[in-house]
Every structure is written in structure tokens, then in C-alpha cells.
Amino acid sequence: MLITVDSVVRTYIHERGLVLHDYFRLLTIALSGLKDLAKDLDINQNVKAQEISVDDTNSAILPTGAIDLIKVCVPNGDKILPIPQNDGINPIQLRDDQGNAIIRDIPVSAWENTTFLDIGYLFTSRLNDKFEHVGRAFGDPPAQPFGYKRIGDRIQLDVSARPTCILVVYSSSGVTSDVNLIHPHAEETLKLWMDWKWKEARTQKGIWEKQNEKSAYYVSKRNLNSVINGFGYEDYIKTVRDHQTMTVKI
Amino acid sequence: LATNRNLLAEQIQRIYSRNIDREDVSRLDVREIKLLITQAVNFLIKPEIFQRGDISGCILASYDIVKQTSGGCDYIILPVVPVSLPKEQGIHRVHPQGCSTQAYIPIQTNDFQIVQGTPSMYIEGQVGYFYEGHRISFTKTVATTVTVKLVVYDPVNDTDILPIPPEMEAQVIEFVLKQFGLAQMSANAASAKNERKTNERQLD
């Protein structure tokens with residue numbers, strides 16, 4: 001069961017003999033610590049899934065706090081149909097005269113308007129004006145017509161399909177606008193981060209003291225990593241196999 | 001015996017008349033003394049807090065204030081200005097009436113503006129407040145009546161117990177006597193001086 005960042009900050013205040021008037025600044029520090037920990041540890045279940053609606057331009061806005069996309073799918077009852085990533089989607093938003101975003105027409109393949117003679121053999125004999133071979137052209141027409149492309153905080157879907165909503169699985173910054181939660185084992189590490197940052201902001205603290213706080217945090221973070229991401233059987237097998245090499249028998 | 005403002009005023013009058021000015025006690029207006037006691041307590045609270053390192057519960061004054069709303073923002077007007085302390089600790093605690101465990105989160109002036117657009121501005125779903133002038137503004141809607149505990153001595157009756165530790169009473173008396181012309185002289189020194197005068201008279 002996860003614990004709240006609020007409880008961590010309050011415990012920290014009590015332990016260190018601070019006052020409630022320090023709460024707000026400590027909360028800011030704690031939330032930045034949460035982001036730092038969430039970068040490489042799943043301390044607050046920061047891999048999230050959410051359904052988002054698709055607008056008229058066949059694009060959807062990513063949820064707040066989304067950092068990396070893990071999967072984009074179309075929900076279909078209790079199943080999901082994954083959508084492949086397609087970098088061939090035009091990233092430029094098409095707009096009408098009033099500046100409103102509009103959808104593109106279903107694209108016509110560039111190859112469809114060309115003749116067999118122009119291009120020679122479609123995939124194997126593309127020649128330039130010097131009749132030099134320029135290699136095969138991949139991706140048009142695509143093998144998988146439906147796809148998505150992430151453009152900033154927007155997901156643009158291929159216009160050949162028009163779902164009303166999509167499901168995105170993403171890794172978040174770990175910080176939400178509601179109550180933030182954290183793995184109980186990460187509490188002490190977060191407090192050490194707060195120690196470091198709280199003292200770092202105070203000029204009367206010596207540089208060695210600040211350095212010690214920083215070291216203590218990273219040591220604690222490594223320990224936390226070993227607790228949360230324990231070395232399991234699969235890791236053992238992988239390590240062993242990675243280090244086995246073929247030998248020549250004579 | 002717990003000291004109140006009346007008792008302390010009477011004691012100051014006695015010291016004054018016995019040791020300082022036997023002939024003209026009428027110079028000493030008791031209303032003036034009571035006001036000075038209030039000011040002395042508020043003056044001495046601050047060094048006392050710095051010396052202790054925290055705020056003693058006995059110097060807190062509690063007020064129940066009905067909230068007002070302006071532009072969708074809830075606020076209350078403080079009846080008195082609290083003692084000026086770092087981090088606005090003069091406002092010791094603010095909470096809904098009858099729910100002292102649900103204290104609102106203090107935010108220093110300007111901090112809330114600085115953190116706009118960051119996760120801190122949501123204060124983990126809690127209510128924050130910041131203090132400007134006589135006014136405490138809240139970040140969210142709050143209960144109709146709010147209890148505020150301030151670091152200030154604001155006596156309602158003269159018979160109320162003085163909200164200071166007993167060891168501070170002597171300092172309050174000294175502070176008041178200084179205002180009545182004993183610039184550098186403590187009550188003891190005045191007593192000694194008075195005794196010397198009496199001896200001189202006897203010799204004459």
C-alpha cells in the first residue's frame with residue numbers, strides 16, 4: 001500500500017523539529033524528489049493507462065504529466081488493439097482560413113500517380129535522371145495503414161481510421177495535481193533528498209555538509225533500487241547466459 | 001497566584017509610589033499602566049520566542065472569524081495584527097472551527113504566485129492560506145467560520161490571566177517602570193536610591 005507524500009512531509013517536519021510554516025517549501029522539494037526517484041524507479045506506480053478522446057482532426061491530447069508513451073491502443077470491449085507507431089504521418093497541423101485545425105483527406109499514395117515507366121520496377125529499380133539505382137522505397141504504401149505519431153503533447157492518428165477514443169499507456173512524471181503517493185520503502189530516500197535540498201538552500205551550511213547529504217541520498221537511492229528491483233531468477237539466468245561464450249574444442 | 005493585568009497594574013502603582021514618587025502618585029494613571037502592560041508583553045514575546053526556539057502555547061490568542069468572499073476567493077480579516085515573526089509564524093494556526101486537526105497550510109507571501117503552474121500549487125489537495133495586511137486569503141473554499149490562533153497579547157478583561165510565563169512578569173514590570181521615567185533604573189535601584197534619601201533626611 002502506497003503512502004502519501006503529505007504524510008512524508010509531515011513526518012519530516014516533526015522529526016527535524018521544523019514548523020508547519022515550512023510545509024509548503026518542503027512539499028515543493030519533496031515533489032521534485034519524487035520526480036527524481038520516479039525517473040528510474042517505479043516508486044509510485046507511475047506507469048499509467050488512460051482513455052482519451054480523439055477530436056475532429058483525428059488527434060488526441062496526452063494526459064497531463066505524460067512523459068513517455070509505452071503503448072497506444074484502441075479499446076475494444078475488454079480487449080485492446082495496439083496501434084503501431086508510424087513516423088510517416090505528417091506532423092504539420094493543417095488549418096483552414098480561420099486558423100482552425102482541420103483533418104487531412106485520406107492520403108493518396110505518391111506511387112499511385114506515377115506510371116510504371118517513370119519509376120521502373122516499383123521497389124527494386126528506382127532510378128534517378130542518370131538512371132542510377134536509388135534503392136528501394138519503404139513505407140509507402142505502408143504495410144500497416146493505421147498508425148500514430150506523437151507530436152509534442154499530441155497524438156496524431158492516421159486518417160484512414162477514425163476511432164472516437166484511444167487508450168494510452170504512458171510513464172508519467174510521478175507527480176499529479178491530486179494526492180501524490182509513494183512506495184513506503186522510498187520514504188527514507190525521499191527524506192534524504194529533502195535533507196540535501198533543504199540544506200543546499202541554506203548558505204550557512206558548509207560545503208562538506210551539503211556534499212554528505214548528497215552522497216547519503218544517492219547511497220539510499222541505490223539501496224532502494226536493490227529493494228524494489230530485486231535480483232531475481234530471470235536476472236540470474238540472463239547474467240549467466242550473457243557471459244557464456246562458445247569455446248573451440250581441440 | 002496567577003497574575004492578571006489588574007494585579008500587575010496595582011503592583012506597579014505600589015512600586016512607583018513606594019520607591020519613586022511618594023509625593024505625586026496621581027501622575028500614574030492606571031489606564032496608562034494597563035496599556036503599557038499590554039505593549040510590554042507584546043514587546044517581550046518576540047525575544048522570548050527566539051530564546052526558546054519555539055512558540056509557547058500560553059501566548060496564543062484564539063479568534064473565531066466568519067469568512068468573507070470576494071471574486072470567488074475566501075478570506076478573513078484579522079481583528080489584531082500578530083507579532084512579526086519569521087515565516088509569518090505570528091499566525092500560528094488556522095483551521096475550521098471545531099476541527100483543530102485540519103489546519104490549513106501556511107504559504108508565505110508571493111510563494112503561491114511563484115509556484116503557479118507547478119504541482120506544488122495543488123498543495124496535495126489541501127487548503128492553503130497567505131497573509132497580506134490584515135487579511136488572510138485562502139486558496140480554496142473554506143468553512144464558514146475559521147479559527148485563527150495568533151501570537152499576540154490581546155486582553156479582553158483585566159482579570160484574564162496574563163499569557164506569559166511567570167519569569168517574564170518581572171520584565172514586564174521593569175518595562176513599564178522605565179516608561180515612567182526610570183530610564184536606566186530598575187525597581188531595585190530605585191528602592192536603594194529612595195532608602196538613601198530617607199537616610200539623608202534622618203541625618204538632617
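Remarks
- Checking the stated criteria, B:Gly71 turns out not to satisfy the condition of being away from chain A (no Cβ under 12 Å), within 22 Å of the chain's Cα centre (by Cα) and over 22 Å from B:Ser56 (Cβ atoms).
- Looking only at residues of the stretch A:14-29 that are over 18 Å from A:Leu181 (Cα atoms) and more than 9 Å from chain B (Cβ to nearest Cβ), we find that the one that is least open to solvent (accessible area, probe 1.4 Å) is A:Leu18.
- Residue under evaluation A:Ser32, criteria (1) loosely packed, with under 15 Cβ neighbours inside 10 Å; (2) outside any strand (DSSP E or B), criterion not met: (1)
- Strands (runs of 3 or more DSSP E) contained in the stretch B:92-175 and holding at least 2 residues in contact with a His (Cβ under 6 Å, 6 or more places away or on another chain), open to solvent by 80 Å² or more (accessible area, probe 1.4 Å) and more than 9 Å from every other protein chain (Cβ to nearest Cβ): none
- For the stretch A:141-237, the strands (runs of 3 or more DSSP E) that sit wholly inside it and include 1 or more residues that are surrounded by 16 or more Cβ atoms within 10 Å (Cβ to Cβ) and among the hydrophobic types (A, V, I, L, M, F, W, C) are A:154-157, A:165-172.
- Contact map, the stretch A:150-161: residues that are touching a residue at least 24 places away in the same chain (Cβ under 8 Å) paired with residues that are among the polar types (S, T, N, Q) and assigned to a strand (DSSP E or B), Cβ distance under 9 Å, separation 6+ or inter-chain. Pairs shown: A:Arg150/A:Gln85; A:Arg150/A:Gln156; A:Ile151/A:Ser59; A:Arg154/A:Ser59; A:Ile155/A:Ser59; A:Gln156/A:Ser59; A:Leu157/A:Ser59.
- Reported count of residues in the stretch B:75-91, each being closer than 14 Å to B:Glu132 by Cβ, away from chain A (no Cβ under 13 Å) and surrounded by 12 or more Cβ atoms within 10 Å (Cβ to Cβ), is 5.
- Single residue of the stretch A:169-208 satisfying the filter (more than 14 Å from chain B (Cβ to nearest Cβ) and among the aromatic types (Phe, Trp, Tyr)) that is farthest from B:Tyr122 (Cα to Cα): A:Trp208
- Of the listed requirements (1) in contact (Cβ under 8 Å) with a residue 12 or more places away in the chain; (2) surrounded by 14 or more Cβ atoms within 10 Å (Cβ to Cβ), A:Asp87 misses just one: (2).
- Applying the criterion of being away from every other protein chain (no Cβ under 14 Å) and open to solvent by 100 Å² or more (accessible area, probe 1.4 Å) to the residues of the stretch B:40-54, the residue that is nearest to B:Ala9 (Cα to Cα) is B:Phe43.
- Residue in the stretch B:65-76 that is in a loop (DSSP other than H, G, I, E, B) and modelled with pLDDT under 90 present: yes
- When the stretch A:35-67 is filtered for residues that are of a type in the set (A, V, I, L, M, F, W, C), in a loop (DSSP other than H, G, I, E, B) and out of contact with any helix residue (DSSP H, G or I) (no Cβ under 9 Å at 6 or more places or on another chain), the ones remaining, listed by number, are A:Val54, A:Leu62.
- The residues listed here are B:Ser26, B:Ser62; of these, the one that is out of contact with any Phe, Trp or Tyr (no Cβ under 9 Å at 6 or more places or on another chain) and at pLDDT below 85 is B:Ser26.
- Condition met for A:Ile80 (within 14 Å of another protein chain (Cβ to nearest Cβ) and either in a loop (DSSP other than H, G, I, E, B) or touching a residue at least 12 places away in the same chain (Cβ under 8 Å) (or both)): no
The values are calculated or read from the model by the stated rules, or taken from the named source; none is laboratory data. Just so it is clear, the model here is predicted, and its values are computed rather than measured. Here Cβ is always computed from backbone atoms with ideal geometry, including for glycine, and neighbour counts include all displayed protein chains. Heavy atoms of the whole protein, side chains included, go into the accessibility calculation; ligands, DNA and RNA do not. Shrake-Rupley method; radii C 1.70, N 1.55, O 1.52, S 1.80 Å.
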